[in-house]
Amino acid sequence: MGLLQYKSNSAMCDFPMTGDSDASVEKWSLENIPVEIFLHICSYLDARFITHSLSVVCKRFHEILSDAAIWKSRITKRWGSVYPPIPVDSDDFNWRLACVCIEDQYEFWQRKDANMRSILRNDIHYASVDAIHLMDSGLVCVSGSRDRSIVVWDLTKAHSGGTDISYHITADAHKGWIWKLASCGETIYSCSWDTTIKSWKLMPNLQPLSVFQCRTAALSLVCTANLVAAGTFLKSVMLFDTRVGECQISSYTAHRRAVLALSMSGNFIVSASEDQTLAVWDQRAGKVLKQLKLYENNEEENAFPMCVSFNNDLLYVGDTKGRLHLLNPVHGHFNIVESYEVGHTAKLTCVQHGMGSILTSSTDGTVRISTPTQRPENIAVVSSQGGEVTGFDYKNNVLAVGGTDNAVEVWLPCYKSVEEEM
């Protein structure tokens, strides 16, 4: 902010005219600085600083920066006219938040070697870690393994610069491989090959609460405050209402093979199956709204969806060929918009998207971070030290990765001290 000269005895910010020392020369202040000059200055500053600091300097700055057209123009100039990837109603879309998110994520991951450090633990679980989940704004990581145990990792000290993370093990949490974890508040859910979903109270360790019977292996899991849904090996999706106990309240069978992934947004549950199809369940209507096949030609007979991410009126699906598919769920259409190669060389195991980035993981041993634009562009690649990546979770700039080599790897943001920055 060297362009601004603040006076301690007034609210004026003077911008002297270069080369003219005449006291009668008009000076620009917060009240009369031309909008074009102000916005040009803003173009050198990051969106978060503009939003959280510059916009509160004075009423005029706030009014200028409240114009959605400014933020839309800023995004267009940097990312082109391909964001968001599906056209939106400009009046309802939060362009300022989108600009902050995409710039934050781009700058953070572009400098990942300076911004992040990793901690690897492959000495606690003794089998592949298929389930990984972050809670409490990234301060707690929970992992579930084929060794049937669940481990709660406390990342608090690691966030402060420590080199190790404390943990609590719940051995034999299930009687079979643990496939997925999900949480709502302080309650965490786990599903397993042993045909059950279990709920746990997150304490320093896990305290068992309830057991929901699926009568077949539970392979995928999603939950809200009152609803738990599980995709099963025997083709069905089973629904439980936690307010009425452990009994199943509903189920649907829209697939011909195992249900590998679930995602929920609003009133819709999207399920992905080994039979190459996606199904959309409308909770209000209590029926399958739509079923669609990702592949229409014989060349893709061995491809099927493996993971889904559904929010912000966007649905992404990752498949066994390493490709990412974008679908438009607006108005319940769920049409396929585009399919992309995002750089992976093997099947996708997890996808997670937000306003600022798309993250994908693969059995090729990497997590790739891409722009959330219509044609995703690579920002960064994180190479796992734990073998094939079975899945990940990303929250508050913390990345937790599960691996086939008994591994839990956590990437944490580095926060430099004032002395280090000077």
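The values are calculated or read from the model by the stated rules, or taken from the named source; none is laboratory data. Here the structure is a predicted model, which is why all the values come from computation and not from measurement. Cβ placement follows ideal geometry from the backbone for every residue including glycine, while neighbour counts extend to all protein chains displayed. SASA here: full protein model, heavy atoms, side chains in, ligands and nucleic acids out. Shrake-Rupley method; radii C 1.70, N 1.55, O 1.52, S 1.80 Å.
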Can you pull the semi-axes for the range 134-192, root of five times each eigenvalue of the Cα gyration tensor, sorted largest first, whole Å?
22, 14, 7
Dipole magnitude of the chain about its Cα centre, charges +1 at Lys/Arg Cβ and -1 at Asp/Glu Cβ only, in debye to the nearest 20?
1060 debye
Per residue, in Å², the accessible surface of the chain once ligands and nucleic acids are set aside, probe 1.4 Å
47 Å²
Run the dipole for the range 286-404 about the Cα centre, Lys and Arg Cβ at +1, Asp and Glu Cβ at -1, nothing else charged, and hand back the magnitude in debye, nearest 20.
320 debye
Degrees, to the nearest 10: 95-110 long Cα axis against longest axis of the chain:
80 degrees
The helix 68-79 Cα axis meets the longest alpha-carbon principal axis of the chain at an angle in degrees, between 0 and 90 and rounded to 10, of 70 degrees
Is the shape of the range 46-116 rounded, prolate or oblate, going by the alpha carbon gyration tensor and its root eigenvalues a ≥ b ≥ c, with a/c under 1.5 for rounded and a/b larger than b/c for prolate?
oblate
Across bins of 10 angstrom width beginning at 0, how are the C-alpha pair distances of the chain distributed, in whole percent?
4, 20, 27, 24, 13, 7, 4, 1, 0
Cα centroid of the range 342-376 to Cα centroid of the range 42-83, whole Å:
28 Å
What number comes out for the charge environment of T187, summing +1 per Lys or Arg and -1 per Asp or Glu over other residues with Cβ under 13 Å away?
+1
Taking θ = phi - 60°, what integer Hz values does the Karplus form 6.51 cos²θ - 1.76 cosθ + 1.60 yield along the range 156-164, in sequence order, with x for Gly and Pro?
4, 5, 5, 5, 8, x, x, 9, 9
What the 10 Å binned alpha carbon P(r) of the range 335-422 shows, as percent of pairs per bin from 0, is 16, 45, 26, 11, 2, 0
Please give, to one decimal in nm, the separation of the simple spin-label points placed at D172 and T156, each 7 Å out from Cα toward the Cβ.
3.1 nm
HN-Hα J couplings of the range 215-226 from phi, Karplus 6.51/-1.76/1.60, θ = phi - 60°, integer Hz, Gly and Pro as x?
6, 7, 4, 9, 10, 9, 7, 8, 8, 10, 4, 10
With a/c under 1.5 counting as rounded, go ahead and sort the range 109-217 into rounded, prolate or oblate using the C-alpha gyration tensor (a ≥ b ≥ c being the square roots of the eigenvalues; past the cut-off, prolate if a/b is larger than b/c, else oblate).
prolate
Ignoring ligands, DNA and RNA, please state the percent of accessible area on the chain from carbon and sulfur, probe 1.4 Å.
48 percent
Run the dipole for the range 201-335 about the Cα centre, Lys and Arg Cβ at +1, Asp and Glu Cβ at -1, nothing else charged, and hand back the magnitude in debye, nearest 20.
360 debye
Taking R0 as 41 Å, what's the FRET efficiency between V35 and D313 from their Cβ-Cβ distance, rounded to 0.05?
0.80
Kindly provide the Kirkwood hydrodynamic radius of the range 164-250 in Å, to one decimal, from all pairs of distinct alpha carbon atoms.
13.1 Å
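Can you give the direction-averaged projected area of the convex hull of the alpha-carbon atoms in the range 56-165, in nm²?
Working: hull surface 43.6 nm².
Its Cα hull, projected and averaged over all orientations, spans 10.9 nm².
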Would you mind checking the range 278-295 for residues with the amide N under 13 Å from a putative spin-label position 7 Å along Cα→C-beta of I249?
283-286
